[in-house]
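Notes for the one structure printed next.
The values are calculated or read from the model by the stated rules, or taken from the named source; none is laboratory data. All values reported here derive from a predicted model rather than from experimental measurement. Here the Cβ positions follow ideal geometry from the backbone for every residue, glycine too, while neighbour counts run over all protein chains shown. What goes into the accessible areas is simple: the full protein's heavy atoms, side chains included, and nothing from ligands, DNA or RNA. Shrake-Rupley method; radii C 1.70, N 1.55, O 1.52, S 1.80 Å.
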Amino acid sequence: MAQVEKKAGLLRKSSASKKPLKEKVVLMYDEIFAKDDPAKNNPRFWEELFLMRVNLEYLEGKLESLDGDDLMKIKDNVNSLFHHCIQALGEEHQIKVVNALQTLCALLWGVHQKNKSTSGFDIINMLMGFDKAELRMKDLMESLDTLLCGEGSESLKSLCLKLLLCLVTVTDNISQNSILEYVMINSIFEAILQILSTDPSRRQHGYDAVVLLALLVNYRKYESVNPYIVKLSIIDDETTLNVNKEEENQGGFFSAITNMVGSMFISDADEKISVQTNEAVLLALYEAVHLNRNFITVLAQSHPEIGMMSTPTTPVPTTPTTPSSMDVMNSAELPLDPNLQTSNLLITFLKYSSIVMQDTKGIFCLIIFIILAFFIFHSYCILQDQYANSFLHDDNMNFRVNLHRMPMRHRKKAADKNIPSRPLACAVLDLMVEFIVTHMMKEFPMDLYMRCVQVVHKLICYQKKCRVRLHYTWRELWSALINLLKFLMSNETTLLSKYNIFQLALQVVNLFNMFITYGDTFLPTPNSYDELYYEIVRMHQVFDNLYCMVLRLSTNTGQWKEAASKVTHALVNVRAIINHFNPKIESYAAVNHISQLSEDQVLEVVRSNYDTLTLKLQDGLDQYERYSEQPKEAAFFKELVRSISLNVRKNVSLNTLSQDFLLKEFSSIS
């Protein structure tokens, strides 16, 4: 009995000492990470490897455990693995293709993690070898192109796009990703457009395809000729541009953007689209507007509803969004159902902008102003494109645009039913006025205010140039601008310690000079011009105080002398109006024994005394700086692309490649 118990104890001890058996694919990985050729003793090694399910966790951990020197010692085996992955992409057995794509993702991420300045090896040499790099990347890109353009599984196409996103975003700064040189040489632009050319494909892969293209467009865009920029800028095919109304099921790059911009806030009740996801969509929208003039026709194209594009299959980032933005997006206060009327992408964009502009600390507000300013500038410079020139101001193209209005104590909530149907230029002006009146705060967003006023200026320049008489409530704009000047003066000390507030003040004063000098050519009625003078006279104290402030600083020898002097000179006509009409109004009141004149009485005095008013002609009021991304906005877009790259890399992680689903789908395919 004692012998039996002793034997049982030995068996238990022996069993406890045994290590758990490794699965075969892990053993094969260990062979790859050894110094010897893994196929030396097994000629079928690589064929067997891709028949087995990839152990992403082990492969990623193994690569992470090696330092740069250790990885260099097995360079030949890494080169071999990369080469055989590419070869497997041409296999008919789709399980091999799936496993090869996932292995490539893990390999790219893992090897790039070792690509530090102190590692002493080149990433291209580590993955492919210098002598084989051009051939390997050519084969890889051709295989991916074939898979994306073929009639195969949509899940397989999705995995191909994930691999490409992985390849593009392995570095924070994509312009430092040397592998992308081969993606430039072996372009997949046409494959991306083909994915976007049909509705089912676009709905399933549109997000990844558009983001991929937007990132590729930003690779060394200021340093060399980028073929993706060239090709995107010359797209004019009607199907690609989605302007052929007879082919309702067709679409393209711009159609995908249209759907995605709409889906940013027309979100499903069970799933919110995160703000991080929107960074990439806004970048794609900007690149479309910036690079291709044909996109303007897509912006203006009416449609009954912007459908909800299927969201990315990868999880959205978990970074919390601004509470106010997300609350508003899902609030009943802002009905966003385009079924109520015809719509277009610009309307969708304006609605979204009115929400995002409430958060001035993020990057979204800035890129929205850049898009608006460039779009307005771009469309008005294309004189031969009358459709692009006129649709913002055309009285025959009216839309009801329900912008979000921030709740404020001193104003009533506007009833939705009272929103008039007007040309889209009115909605743009409404958006700018809303920004002006709601962001006069301690943390003053100076740059955004400059851009806001510039958007208004560009609109007025167009109206003056083309003599467009827009029926707009201009008093709201004048009131907002005067209150802005008042805010600048009230916070002079605080703001001057951070900003040159005279630059903004000069822009505001020159907007009034535009109305004074050229208002008779674009204001809707003579009465509108009278109301302009009424507002200037009524609020004369603000202009008087501004003049005193800039005069004080322009006569000193401080740093603001020159900037303040420019405002002093710009106020000449505003002060002439005040000094001319105030005595007339006071005289009228005295003669008629009226203590306080009504608005109509003041307007009567104004109309009766135009002929004796002398104003100076001011040149250059309708001139503005041409938009140039480089160098002015280059730093901003560099950081934006870096942020998108980080988010894409986070979302397209090895754990989100849906391995179980893919293998189940392909398990019955030989």
Which listed residue is in contact (Cβ under 8 Å) with a residue 60 or more places away in the chain and within 24 Å of Ala191 (Cα to Cα), from Leu140, Leu144, Leu108, Leu89: Leu108
Residue within the range 536-555 that is under 23 Å from Met432 (Cβ atoms), surrounded by fewer than 19 Cβ atoms within 10 Å (Cβ to Cβ) and charged (D, E, K, R) present: yes
I'd like to know if the range 573-581 contains one or more residues that are among the aromatic types (Phe, Trp, Tyr), open to solvent by less than 30 Å² (accessible area, probe 1.4 Å) and more than 40 Å from the chain's Cα centre (by Cα). yes
The range 186-197: number of residues that are closer than 21 Å to Tyr222 by Cβ and in a helix (DSSP H, G or I): 1
Applying the selection to the range 491-535, what residues are of a type in the set (Asp, Glu) and either surrounded by 19 or more Cβ atoms within 10 Å (Cβ to Cβ) or in contact (Cβ under 8 Å) with a residue 60 or more places away in the chain (or both)? Asp530, Glu531, Glu535
With Phe661, Phe581 as the choices, which residue is at pLDDT below 95, assigned to a helix (DSSP H, G or I) and of a type in the set (Phe, Trp, Tyr)? Phe661
Would you mind stating whether Asp76 is in contact with an Asp or Glu (Cβ under 9 Å, 6 or more places away or on another chain), in a loop (DSSP other than H, G, I, E, B) and of a type in the set (D, E, K, R)? no
May I ask you to list the residues in the range 38-70 that are farther than 23 Å from Glu91 by Cα, surrounded by 14 or more Cβ atoms within 10 Å (Cβ to Cβ) and among the charged types (D, E, K, R)? Glu60, Lys62
Of Val606, Val574, which residue is under 18 Å from Val508 (Cβ atoms) and either acidic (Asp, Glu) or part of a helix (DSSP H, G or I) (or both)? Val574
On the basis of being of a type in the set (Asp, Glu) and within 15 Å of Lys114 (Cβ to Cβ), does Asp76 make the cut? no
Restricting to the range 154-185, and then to whatever is in a loop (DSSP other than H, G, I, E, B) and open to solvent by 30 Å² or more (accessible area, probe 1.4 Å), can you tell me which residue is farthest from Ile124 (Cα to Cα)? Asp172
